[in-house]
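To start, the structure under review is shown below, and the notes come after it.
Every number here is computed from the coordinates shown, using simple stated rules; none is lab data. As the structure is a computational prediction, the values presented were derived from the model and not from experiment. Every residue, glycine among them, receives a Cβ derived from its backbone with ideal geometry; neighbour counts consider all protein chains shown.
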Amino acid sequence: MMHVKTPAVAGLFYPGTEPELRNTVDRLMQTVSADSEVRPHALIAPHAGYQYSGPIAANAYASLRPWAAEIRHVAVLAPSHRVPFRGIALSNADAFQTPLGAIPVDTERVKSLAALPHVGYLDAAFAEEHALEVQLPFLQRVLDDFSLIPLIVGDAEGEDVAQVIETLVADDILIVVSSDLSHYHGYAEAQRRDANTTGMIEAMQADDIGPYDACGAYPIRGLLKAAQHHGWHVKTLDLRNSGDTAGDKSRVVGYGAYEFY
């Protein structure tokens, strides 16, 4: 019997019906005009409710539009918000479902990752996790058919995450790291902190980024180390916070969109 991971936050973080979700993502994407001139190897995109971080995430995914037919597999590395564990978790699912349909999992690549140190199956890490799930509808609307390599990153060393990414790098694979930035500061303080974190990302200062800078600090560290190894460049596509989109400015969450090429 096929094991399908059902959505945990449909109707909460994003619309729960196919027509409304399709229209929401398309509307967000239509507000973004800039397309990338080079094929991105990796993205960092935020993972809050779409009313908060959707406009920033759209800037990340817009960079894929010219290259949609070339991307056949997507590895999403998201932090764990609900289940504490060490290492990097894999899913036993054969597909991940959203209101837009089911995305097949690249089970062969997932199996190959299980042989790496600090990597193992832990379905509990995926059960209620939003950080991976909210990326999927954007991918479904932007790309042609693709398979998914889902990963939840717990307390993991940057070198271990980089090893996973290095194993996956290929011409037809996109790496997506899911992360928000600072949490629950005033607007001006959040802008200062997030500008500093963006500077560290642009300078590839992997070891300097901590969980208070970005909730996806551990997967970001791994991506930066892999990017350094491959000689990739990074471009900041958008940097805002919830005070700019749908929240008040007294207690905001920061969001950034970045592409690596």
(request) Show me 217-226, 184-193 ranked by packing, highest mean number of other Cβ atoms within 10 Å first. (result) 217-226, 184-193
(request) Round to a whole angstrom and tell me the spacing of the C-alpha centers of region 182-261 and region 92-117. (result) 27 Å
(request) Using the Cα centre as the reference, give the magnitude of the dipole from point charges on the C-beta atoms of the chain (Lys, Arg: +1; Asp, Glu: -1; all else neutral), rounded to the nearest 20 debye. (result) 340 debye
(message) Can you tell me the convex hull volume per residue for region 150-254, based on C-alpha atoms, in Å³ to the nearest whole number?
(response) 109 Å³
(message) For K5, give me every one of the aspartates and glutamates with a C-alpha distance below 12 angstrom, ignoring sequence neighbours fewer than eight places off in its own chain.
(response) D94, D123, E128, E129, E133
(request) With an 8 Å cut-off on Cα pairs and a minimum separation of 6 or more residues, tell me the relative contact order of the chain in percent. (result) 27 percent
(message) Cross-link candidates for K111: which lysines have Cα within less than 16 Å, leaving aside residues fewer than 8 places away along the same chain?
(response) none
(request) Could you sort 93-100, 145-152, 113-120 so that the peptide with the highest average Cβ count within 10 Å comes first and the rest follow in order? (result) 145-152, 93-100, 113-120
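Tell me, what is the FRET efficiency for L100 and V169 to the nearest 0.05, using R0 = 25 angstrom and their Cβ-Cβ distance as r?
Working: r = 27 Å, r/R0 = 1.09.
For R0 = 25 Å, the calculated efficiency reads 0.40.
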(message) How much of the DSSP bridge set in region 2-148 is antiparallel, in percent, rounded to the nearest 5?
(response) 30 percent
(request) Considering only DSSP beta bridges where both residues belong to region 4-260, give the percentage that are antiparallel (nearest 5). (result) 45 percent
(request) Against the globular-protein guess of 2.2 N^0.38 Å, express the Cα radius of gyration of region 22-170 as a ratio, rounded to two decimals. (result) 1.02
(message) Taking the alpha-carbon distance from K225 and a cut-off under 18 Å, which aspartates and glutamates remain once sequence neighbours fewer than 8 residues away in the same chain are dropped?
(response) D155, E157, E159, D160, E166, E202, D207, D208, D213, E259
(request) Give me the Kirkwood hydrodynamic radius of the chain, using the inverse of the mean 1/r over all pairs of distinct Cα atoms, in Å to one decimal. (result) 17.9 Å
(message) Please compute the contact order of region 115-218 in relative form: average sequence separation of alpha-carbon pairs under 8 Å and at least six residues apart, divided by the residue count, as a percent.
(response) 28 percent
